[in-house]
Amino acid sequence: MVDLIPREVLFGNPERISPQISPDGTRLAWIAPYQGVLNVWLAPIGADGVDWDAARVVTEDTDRGVRVFGWAWDGRHLLYLQDTGGDENWRLYDIDLETMARRDLTPYDGIQARIIATSKNHRDELLVGMNRDNPQLHDVYRLDLKTGELAKLIENPGYAGWLADEDLVVRGALVPLPDGGFDLLVRDDAGADWRTLLTIPSDDAPASNVLGFTGDGKSLIGISSVGVNTGRLVKVDVASGKDRVLLEDPDADVAGAVLHPDTREPQIVVVLKDRAEYHVLDPAVQADYEAIRALHTGDPQLADRDEADATWLVAFTDDAGPVRYYAYDRATRTGSFLLDSRPELSRYELARMEPFSFTSRDGLTVHGYVTFPPGEGRSGLPAVLDVHGGPQVRDVWGWNSEAQWFANRGYLCIQVNYRGSTGYGKAFVNAGDREWGAKMHDDLIDAVGYVVAQGWADPDRVAIYGGSYGGYAALVGAAFTPDVFRCAVDIVGPSNLQTLLETIPPYWAPVKAQLYRRVGNPETDQEFLWSRSPLSRVRDIRIPLLIAQGANDPRVKQAESEQIVAALAEAGIDYEYMLFPDEGHGFAKPENRIKFYAAAERFLAKYLGGRFEE
């Protein structure tokens with residue numbers, strides 16, 4: 001058997017992640033632990049590359065760690081977001097790298113701040129969204145980085161999102177419609193009237209997105225499935241509303257695009273299938289793309305670039321190794337290794353992630369991934385069905401610490417992009433409407449049937465595991481289909497869809513029509529929602545459960561776990577319950593992650609027979 005990978009190596013703090021180059025290309029910032037907590041570090045870049053010996057920590061978080069940061073265009077300030085205990089009330093902070101002064105730029109209790117836009121045309125300013133006056137709506141503020149002054153520009157009348165051009169003028173807005181669709185409004189300048197440029201029907205909302213204005217402000221770049229099934233990359237003329245298709249794929253949505261830093265025209269377009277596929281639209285970067293692909297066998301992603309567009313930072317994701325970052329020099333078309341997120345993993349044998357697909361009981365093609373335990377063969381294995389959250393996201397090929405953990409402990413890991421998952425066109429997403437606990441769950445059961453039929457999995461040793469929607473699916477698996485699974489692990493999963501929808505965060509109000517369309521309406525569908533809630537069938541549960549919850553979770557409240565735990569206790573059903581008082585929707589603090597995974601692998605070993613670390 002392969003060596004056991006310690007939990008600390010898989011789930012502890014990474015060594016270094018998220019490098020960001022300064023606009024002038026002379027400094028590198030990244031996230032790394034300082035005294036056991038993730039913080040932002042800084043080092044100069046010289047002729048020979050990054051001077052790691054001169055690295056210094058520049059933030060001073062001592063609790064949850066910094067996970068989201070970036071450079072301001074002035075090259076003097078680093079910006080980062082932080083919440084408290086996982087409550088997702090993000091506040092915006094900065095650090096002045098000349099004085100080392102640190103500021104809370106949005107110093108208000110109970111608010112959520114968002115960066116709407118930055119621009120090299122206004123280096124000392126940025127646009128911030130903040131729900132200070134109405135918890136449901138984010139107004140637009142202009143933030144002066146020199147003084148720290150916040151000035152409200154626009155009071156939100158009910159819009160779901162804002163778009164600014166390269167001059168930091170808010171010229172686009174998304175208006176939610178009663179059926180779950182959206183109107184995209186535009187205006188010619190800050191004093192002009194809003195007008196409807198186009199309407200995004202409810203069916204098209206999951207596969208559509210606006211990437212931003214072009215540099216000249218005359219067009220919008222977006223992804224749209226209007227009139228077709230998959231999301232196409234389009235360019236829309238702001239004056240006329242006419243669009244031009246730049247790239248489309250009949251089988252999968254456009255997942256994103258690399259935009260030119262000045263013209264904001266698409267250069268490289270990504271379509272996600274079993275793996276990422278790349279389409280170069282700008283001939284000026286064709287040779288760069290080819291040189292980057294030669295650096296590593298993984299899938300590349302442009303993580304950052306300097307203002308001169310001379311140096312690119314490229315992240316490579318691989319299925320059997322951690323994320324590796326390279327610095328790419330466009331002048332010489334050469335790349336050099338920069339950093340590795342988890343270098344200790346190189347000491348262990350890791351598993352490959354293999355795409356698979358099957359036909360569901362009602363004829364849909366469903367895609368997913370299997371990860372086999374190294375050295376354990378490919379037949380009769382204990383298995384874990386790892387259900388992704390969302391549900392309107394998807395599993396992707398690449399590094400997945402949980403898949404490696406399951407495989408290393410001796411389990412076949414099964415990941416399924418069940419109906420309702422994004423990426424495969426709007427028809428596939430819409431096939432999940434009002435199918436929580438029904439056809440969406442059927443796809444999961446059919447996946448188990450498929451891997452059992454291949455001989456890969458032992459049908460008597462299958463667990464269901466997941467977080468958020470995946471946690472809900474684990475509870476559904478225990479309550480609705482207990483004969484399929486030997487045990488279940490639920491992480492921050494809702495147990496009652498009625499109470500889930502009645503307690504959504506206030507700032508989700510602009511998109512609640514879309515949520516109700518997908519799940520059900522708590523005002524008119526009480527009986528329906530109850531029938532799809534694991535709590536309604538708790539007495540049908542015959543398998544043991546492990547339930548984990550963050551006390552500060554704003555999306556799936558603590559009550560969602562507490563009410564099913566109480567019902568399990570009353571019914572005399574075997575369960576374990578872990579409540580983390582300083583966490584939210586998932587476990588950000590490494591000590592909490594390690595504690596949970598220690599309990600989870602002992603739980604799985606008890607019922608499936610795999611390995612665990614003492």
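Taking the stated definitions as given, is residue 25 among the small types (Gly, Ala, Ser), modelled with pLDDT of 95 or more and assigned to a loop (DSSP other than H, G, I, E, B)?
It is true that residue 25 is among the small types (Gly, Ala, Ser), modelled with pLDDT of 95 or more and assigned to a loop (DSSP other than H, G, I, E, B).
Given the residues 532, 517, which is the only one that is more than 21 Å from residue 489 (Cα to Cα) and either in contact (Cβ under 8 Å) with a residue 60 or more places away in the chain or polar (S, T, N, Q) (or both)?
Going through 532, 517 in turn, just one is more than 21 Å from residue 489 (Cα to Cα) and either in contact (Cβ under 8 Å) with a residue 60 or more places away in the chain or polar (S, T, N, Q) (or both): 517.
Please enumerate the residues belonging to region 500-510 that are surrounded by fewer than 19 Cβ atoms within 10 Å (Cβ to Cβ), assigned to a helix (DSSP H, G or I) and touching a helix residue (DSSP H, G or I) at 6+ places or on another chain (Cβ under 9 Å).
If the condition is that a residue be surrounded by fewer than 19 Cβ atoms within 10 Å (Cβ to Cβ), assigned to a helix (DSSP H, G or I) and touching a helix residue (DSSP H, G or I) at 6+ places or on another chain (Cβ under 9 Å), then 508 is the only one that fits.
Okay, residues lined up against (1) at negative phi; (2) part of a helix (DSSP H, G or I); (3) open to solvent by 60 Å² or more (accessible area, probe 1.4 Å):
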{"residue": "297", "(1), (2), (3)": "yes, no, yes"}
{"residue": "309", "(1), (2), (3)": "no, no, no"}
{"residue": "328", "(1), (2), (3)": "yes, no, no"}
{"residue": "345", "(1), (2), (3)": "yes, yes, no"}
{"residue": "351", "(1), (2), (3)": "yes, no, no"}
{"residue": "358", "(1), (2), (3)": "yes, no, no"}
{"residue": "384", "(1), (2), (3)": "yes, no, no"}
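Do you know which residues across region 177-197 are in a loop (DSSP other than H, G, I, E, B) and among the basic types (Lys, Arg)? I'd like the intermediate steps shown before the answer.
Within region 177-197, the first condition is being in a loop (DSSP other than H, G, I, E, B), and the residues that meet it are 177-181, 187-194.
Listed by number, the list holds a single entry, 187.
So which residues in region 434-447 are in a loop (DSSP other than H, G, I, E, B) and open to solvent by 30 Å² or more (accessible area, probe 1.4 Å), if there are any at all?
434, 435
Say whether the condition of being within 23 Å of residue 127 (Cα to Cα), open to solvent by 10 Å² or more (accessible area, probe 1.4 Å), out of contact with any Leu (no Cβ under 7 Å at 6 or more places or on another chain) and modelled with pLDDT of 95 or more is met by at least one residue in region 194-205.
No; the residues of region 194-205 include none that is within 23 Å of residue 127 (Cα to Cα), open to solvent by 10 Å² or more (accessible area, probe 1.4 Å), out of contact with any Leu (no Cβ under 7 Å at 6 or more places or on another chain) and modelled with pLDDT of 95 or more.
With the structure loaded, tell me whether residue 258 is farther than 18 Å from residue 424 by Cα, of a type outside the set (Gly, Ala, Ser) and open to solvent by less than 20 Å² (accessible area, probe 1.4 Å) or whether it fails that test.
So residue 258 does not fit the description; no.
Within the group 450, 472, which residue is buried (at least 19 other Cβ atoms within 10 Å of the Cβ), over 20 Å from the mean Cα position of the chain (by Cα), among the aromatic types (Phe, Trp, Tyr) and part of a helix (DSSP H, G or I)?
None of the others qualify; the one that does is 450.
If I ask for residues that are in contact (Cβ under 8 Å) with a residue 12 or more places away in the chain and among the hydrophobic types (A, V, I, L, M, F, W, C), which ones from region 84-109 would you list?
Scanning region 84-109 gives 90, 92, 95, 97, 100, 105.
So that you can scan it fast, the table gives a plain yes or no per residue for (1) touching a Ser or Thr at 6+ places or on another chain (Cβ under 9 Å); (2) polar (S, T, N, Q); (3) farther than 19 Å from residue 314 by Cα; (4) open to solvent by less than 20 Å² (accessible area, probe 1.4 Å):
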position: 12; (1), (2), (3), (4): no, no, yes, yes
position: 16; (1), (2), (3), (4): yes, no, no, no
position: 57; (1), (2), (3), (4): no, no, yes, no
position: 65; (1), (2), (3), (4): no, no, yes, yes
position: 71; (1), (2), (3), (4): yes, no, no, no
position: 75; (1), (2), (3), (4): yes, no, yes, yes
position: 86; (1), (2), (3), (4): no, no, yes, yes
position: 93; (1), (2), (3), (4): yes, no, yes, no
position: 109; (1), (2), (3), (4): no, no, yes, no
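Hey, residue 332 hits all of (1) β-branched (Val, Ile, Thr); (2) open to solvent by less than 60 Å² (accessible area, probe 1.4 Å); (3) free of Cβ contacts under 8 Å to residues at least 24 places away in the same chain but one; which does it fall short on?
(2)
Given the criterion under 24 Å from residue 517 (Cβ atoms) and among the hydrophobic types (A, V, I, L, M, F, W, C), identify the matching residue among 164, 151, 173.
Exactly one residue qualifies, and that residue is 173.
How many of the residues in region 134-176 are out of contact with any helix residue (DSSP H, G or I) (no Cβ under 6 Å at 6 or more places or on another chain) and either at pLDDT below 95 or assigned to a strand (DSSP E or B) (or both)? Explain how you work it out, then say what you get.
So the first thing to find is which residues in region 134-176 are out of contact with any helix residue (DSSP H, G or I) (no Cβ under 6 Å at 6 or more places or on another chain), and the list is 134, 137-159, 161-175.
Still in the running and either at pLDDT below 95 or assigned to a strand (DSSP E or B) (or both): 139-144, 150-154, 161-164, 170-175.
Qualifying residue count, region 134-176: 21.
Does any residue of region 564-580 turn out to be assigned to a strand (DSSP E or B), crowded, with 21+ Cβ neighbours inside 10 Å and either out of contact with any Ser or Thr (no Cβ under 9 Å at 6 or more places or on another chain) or among the basic types (Lys, Arg) (or both)?
Looking for residues that are assigned to a strand (DSSP E or B), crowded, with 21+ Cβ neighbours inside 10 Å and either out of contact with any Ser or Thr (no Cβ under 9 Å at 6 or more places or on another chain) or among the basic types (Lys, Arg) (or both), one finds at least one in region 564-580, hence yes.
Tell me yes or no: at least one residue of region 301-308 is closer than 26 Å to residue 225 by Cβ and either of a type in the set (Val, Ile, Thr) or out of contact with any helix residue (DSSP H, G or I) (no Cβ under 7 Å at 6 or more places or on another chain) (or both). Don't jump to the end; show me each part of the working.
Taking region 301-308 as the starting set, the residues that turn out to be closer than 26 Å to residue 225 by Cβ are 301-302.
Now narrow it down to the ones that are either of a type in the set (Val, Ile, Thr) or out of contact with any helix residue (DSSP H, G or I) (no Cβ under 7 Å at 6 or more places or on another chain) (or both): 301-302.
Yes, region 301-308 contains a residue that is closer than 26 Å to residue 225 by Cβ and either of a type in the set (Val, Ile, Thr) or out of contact with any helix residue (DSSP H, G or I) (no Cβ under 7 Å at 6 or more places or on another chain) (or both).
The values are calculated or read from the model by the stated rules, or taken from the named source; none is laboratory data. The model shown is predicted, which means the values in this text are computed figures rather than measured ones. Backbone-built Cβ (ideal geometry, glycine too); neighbour counts: all protein chains shown. SASA here: full protein model, heavy atoms, side chains in, ligands and nucleic acids out. Shrake-Rupley method; radii C 1.70, N 1.55, O 1.52, S 1.80 Å.
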